[in-house]
1. Taking every pair of alpha-carbon atoms in the range C:2-72, give the share separated by more than 17 Å as a whole percent.
2. Going by how many other Cβ atoms sit within 10 Å of their own, how do C:114, A:63, A:113, C:24 line up, fewest first?
3. What is the distance in Å between the Cα centroid of the range C:111-126 and that of the range B:32-91?
4. Grab the alpha carbons of the range A:256-391, take their convex hull, and tell me the volume per residue in Å³.
5. How large, in Å, is chain B by the Kirkwood hydrodynamic radius built from its alpha-carbon pairs?
6. Could you work out how far helix B:141-150 tilts from the main Cα principal axis of chain B, as a 0 to 90 degree angle to the nearest 10?
7. Quote the FRET efficiency, to the nearest 0.05, computed for residue A:461 versus residue B:180 with a Förster distance R0 of 22 Å and r equal to the Cβ-Cβ distance.
8. So between residue C:59 and residue C:95, what do we pick up on full extension, going 0.36 nm a residue minus the alpha carbon distance?
């Protein structure tokens, strides 16, 4: 390892590589901050360019672009309520409420510093435990993913505030949306109304842009077009970030670890990671009552989890050649093009290259701090635009974002319909977040349920037939029991207490 | 340099393609003047995406206008293929039509078929394979088939969606060997990567994705390749036997990736693209790219590709009917 | 527009029933207890249950004499101007979807910007500046830098 590390150092610290990292970081920040343009898309655009680069700068360009684009997605999310990725949907409302209070720098500062640290911790874990982690990750079959999806859903129910019926209704709306499209078991199109564009289901990013951004535009144009946005500078952004780390270092460590492990699971790793981290954050917080009202702790946890997951996704990609997400799917192609074949021995066979990639990852995350701070300072000026001009601009970017994802005007329609739905939901005190989670997890749960049922020929006990599945299943079922029984027990206790006190009251 | 090692049909058609291509080269000098949209019916990161993006970047250099790759996924390929077929035939929308254009109309998914597009050139031939996990008890295709014959419905296989091309590969192979096509039950998955993950995790017993898709996992020892569904061995994995050698029926199945235009694409435009694509296939860059994916360079122009698509549609249609995948 | 618990509950119940009715028409898989209809039916039942809970809550509140009104329109939506603006956002988007293919991206976006900015009473200077400048900037950025093809129309054909 030391020789490989030394070789990696010399191959990374060259003008060519450092310049590539710098340019890729700028590019990632730029593309990521445009709604609808995803990290996957920005990496796919890089592929033809990487072909003409040496292996180290080629892969460095990819990792840098991903790391910066994922953070940049938080900028329109926090400022304008247009989340860039499903993973940042978990805390977009929290950040937007902070912005409305004039504390946008707080939201973005927390998101930036945790993105960088989460990313670095993710890489360190990748360096140290890639083989072990990948070994566990590839043991996950449809049964384990089914339970993981259920666990994600359950943890969301546990943290949802307000009316239980209304949260449940929101979740059901999301789950319903997730069932649209061709069914995996029979290939039958469901709820598509004969639309070819719905065969693949309701496209996620237009749905998210509609539910968050468009509904907010509708609300703003009908209520407070007059009021000026407040931007209260928090003084030194750097000082604030240091403060955040000092205050929440335990949260950052916990969520980075969680994000890395979940990110290593091929599939919906980063998304589920952000939601679970957010709900754990509320569960273990000293001030759970502040959640959902503009509080940075949730952002800290979810932000470190989803950026650590980005590194986690490389684990199965490097060790087994199984992509952890769509970005690493593209990256594997580039790796093979450069003569690196993923394998459990990749650290021995291509050690210098792999460590060079990791170094690039770390440099990218360090570079994110100054560049991201600059982006935050610049982006803040968006809020000084008068709302009667800003609202049309948000609508234009929402329309373009929705269009760009699938290159079809149909997605703009999806954005509009779901925006109106979300406006109606919020008017009736039905929260949006559970619906988004329903859309994310609905497919995961149903798909893996049906696949498992096909495997076991309809035997439900199959869900407990493998050790990891049985463990995850037991945890999930225990949580369900707790969720159902806890209110009953509490009610019974209150009742007996009341009876008790009543009997004591002299009549 | 890797030699073109394919034999038989492909070799002959490739040679014919060169002839017919050069015959038509005369006036093929149409050039796009603004960005071209290159539709890919499958997701970023897959084999079709990689091949198409590579070709798009080379066409971009050749024509000196941007070629914008757009992934139009969904509906098991229906969405993207219909986007290619129904585009304006002005040369500014082309796309990667894949083998599904010849099968999805048999499955009753859509009316769309290979006559609704203008085939330009063949980009890749992607033969299927039979893969098992490293700790599987089966060490040869014969072991596997004998066991499946004796215990129908006990084993499970995966690779893609229900009725997808790799499903066809498995069920078609069983059928051609005189077995029940469902002797190994199909477990649908979202693509080859997900299926191989299931295979390693022990969720299914067999997977039949493209051998090139399983190459990395085979080389790292996680998966065992029992067979290559092609008539000659793969240059990158020469130790994997072909189904042609192993099976009495000589069953083979290969998917393909093409570059195609909308229906009614003017001859002048089509042959300009054909010329540019065939030129790109001759470059060292393309050869290196193919080698990195364990694939071989194929060259087939419009005329032969059109014939091949029609033949594939008939063959696979008959197989799908035999194994009950038609509607 | 805020519905009382009773109409909201009825709406949820109706949605649930509609989902279940549609789901039972899906083909069943041979020899399988769970197919494409299984999850939609569970979701449909969930909607119905939520509906029942809401209706029950409403009736209980009614007995106690504290029921919320059947329909409340928030004060913001009672002002004609506000309604007009919300309508403009929706109509503008629908019109953009319909017009972007025939007119091309540049013209459709310029029209959308003029329409929205004027409805929201932004000044003419900023309106014209944005309507003339932004479409070109976005067109350049998306088609040439970010490689996202945008629908073409007359202006695009004349200019590029």
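1. Working: 1270 of 2485 pairs.
Result: 51 percent of Cα pairs exceed 17 Å.
2. Working: C:114 18, A:63 30, A:113 27, C:24 12.
In increasing order of surrounding Cβ atoms, one gets C:24, C:114, A:113, A:63.
3. 37 Å
4. On the way: hull volume 20.9 nm³, N = 136.
Cα convex hull per residue, to the nearest whole number: 153 Å³.
5. Details: mean 1/r = 0.0501 Å⁻¹.
Value: 20.0 Å, from the Cα pair sum.
6. The angle comes out at about 60 degrees.
7. Working: r = 27 Å, r/R0 = 1.21.
About 0.25, to the nearest 0.05.
8. Values: separation 36, 0.36 × 36 = 12.96 nm, distance 4.31 nm.
In short, 8.6 nm is gained.
Rule-based calculations on the coordinates, nothing more; no lab input. On a predicted model such as this, the values are computed, not experimentally measured, just so you know. Every residue, glycine among them, receives a Cβ derived from its backbone with ideal geometry; neighbour counts consider all protein chains shown.
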